[in-house]
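Asker: Sharing a structure, written as structure tokens. Questions coming.
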């Protein structure tokens, strides 16, 4: 009987603080299969990747999933990071620390923005780019999306605890179907990242993602649920990268957690066809 993969946790000491990450080793090592680095969305943590990491480890991939600075159990930046490159550089230092010389970059929502910029800045190390729910907005659309208070500290902790119920209500409103324990963990992560979310979104919604995606030279896989808030912009991926591979998965805005099987299958099929 095959042993189930084990999700382990560790810390890397970056220049500004500790970066927490989850990792899982391939059950059966295949030298042809390079590791995957998973990058989460705001305001989640690497927790959302646990089932997907387990599935990819069964398929022969070593998996790493860091918490962004300002999220999960990673350190808090004490200033506004200047650009998505800030997160890229922190993650590349982690990659060096754990010995990833070449790997697949896999990102979801905000994580997709980080992974895409990573692919352009480190083309010799990134073998492929997978983006789930990519934020392919033009400048006018970016301004529109942030006009409703997205960049405000709307869940700042308050003594009466109402910020916690506010987060719970947001999650219930955004997504009707939840496993209550997963929703509980997601709420904990959101409550913790009240400041990191604003830092990250400030950079995500000022990043010229469409241009940066056009500069990517490695193979690209795009995935989205039809219920993802960013799905209306998903067809742009094919317009920008006609040779990209696309797949429709389930899970609303939480594809990588709620449809880990579909996301794993799409990635494995995509990776199988990559040049060896």
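Asker: Name the residues in the range 158-176 that are more than 16 Å from residue 43 (Cα to Cα) and either part of a helix (DSSP H, G or I) or touching a helix residue (DSSP H, G or I) at 6+ places or on another chain (Cβ under 8 Å) (or both), would you?
Answerer: Taking the range 158-176 as the starting set, the residues that turn out to be more than 16 Å from residue 43 (Cα to Cα) are 158-162, 176.
Correct list: 162 only.
Asker: Further, regarding this structure: Any idea how many residues of the range 130-152 are surrounded by 12 or more Cβ atoms within 10 Å (Cβ to Cβ), outside any helix (DSSP H, G or I) and modelled with pLDDT under 95?
Answerer: 2
Asker: Follow-up. Take the range 55-81 and flag every residue that is touching a helix residue (DSSP H, G or I) at 6+ places or on another chain (Cβ under 8 Å) and not in a loop (DSSP other than H, G, I, E, B).
Answerer: Within the range 55-81, 55, 56, 63, 64, 65, 66 meet the criteria.
Asker: Any residue at all in the range 167-176 that is over 25 Å from residue 52 (Cα atoms) and surrounded by fewer than 17 Cβ atoms within 10 Å (Cβ to Cβ)?
Answerer: Within the range 167-176, one or more residues are over 25 Å from residue 52 (Cα atoms) and surrounded by fewer than 17 Cβ atoms within 10 Å (Cβ to Cβ).
Asker: Does residue 107 qualify as being in contact (Cβ under 8 Å) with a residue 60 or more places away in the chain, closer than 18 Å to residue 201 by Cα, in contact with a helix residue (DSSP H, G or I) (Cβ under 7 Å, 6 or more places away or on another chain) and in a loop (DSSP other than H, G, I, E, B)?
Answerer: Details: in contact (Cβ under 8 Å) with a residue 60 or more places away in the chain: yes; closer than 18 Å to residue 201 by Cα: yes; in contact with a helix residue (DSSP H, G or I) (Cβ under 7 Å, 6 or more places away or on another chain): yes; in a loop (DSSP other than H, G, I, E, B): no.
Criteria not met by residue 107.
Asker: Shifting gears a bit: Listed residues 230, 237, 221; which is modelled with pLDDT of 95 or more and either over 21 Å from residue 257 (Cα atoms) or surrounded by fewer than 15 Cβ atoms within 10 Å (Cβ to Cβ) (or both)?
Answerer: Numbers: 230 fails: either over 21 Å from residue 257 (Cα atoms) or surrounded by fewer than 15 Cβ atoms within 10 Å (Cβ to Cβ) (or both); 221 fails: either over 21 Å from residue 257 (Cα atoms) or surrounded by fewer than 15 Cβ atoms within 10 Å (Cβ to Cβ) (or both).
Residue meeting the stated conditions: 237.
Asker: Evaluate the range 259-271: report whether one residue or more is farther than 26 Å from residue 30 by Cβ, touching a residue at least 60 places away in the same chain (Cβ under 8 Å) and crowded, with 22+ Cβ neighbours inside 10 Å. Even if it seems obvious, please write down each step before you answer.
Answerer: If we filter the range 259-271 for residues that are farther than 26 Å from residue 30 by Cβ, which is where we start, we get none.
No, the range 259-271 contains no residue that is farther than 26 Å from residue 30 by Cβ, touching a residue at least 60 places away in the same chain (Cβ under 8 Å) and crowded, with 22+ Cβ neighbours inside 10 Å.
The values are calculated or read from the model by the stated rules, or taken from the named source; none is laboratory data. The structure displayed is predicted, hence computed values, not measured ones. Here the Cβ is made from the backbone with ideal geometry for all residues, glycine too, and neighbour counts use every protein chain on show.
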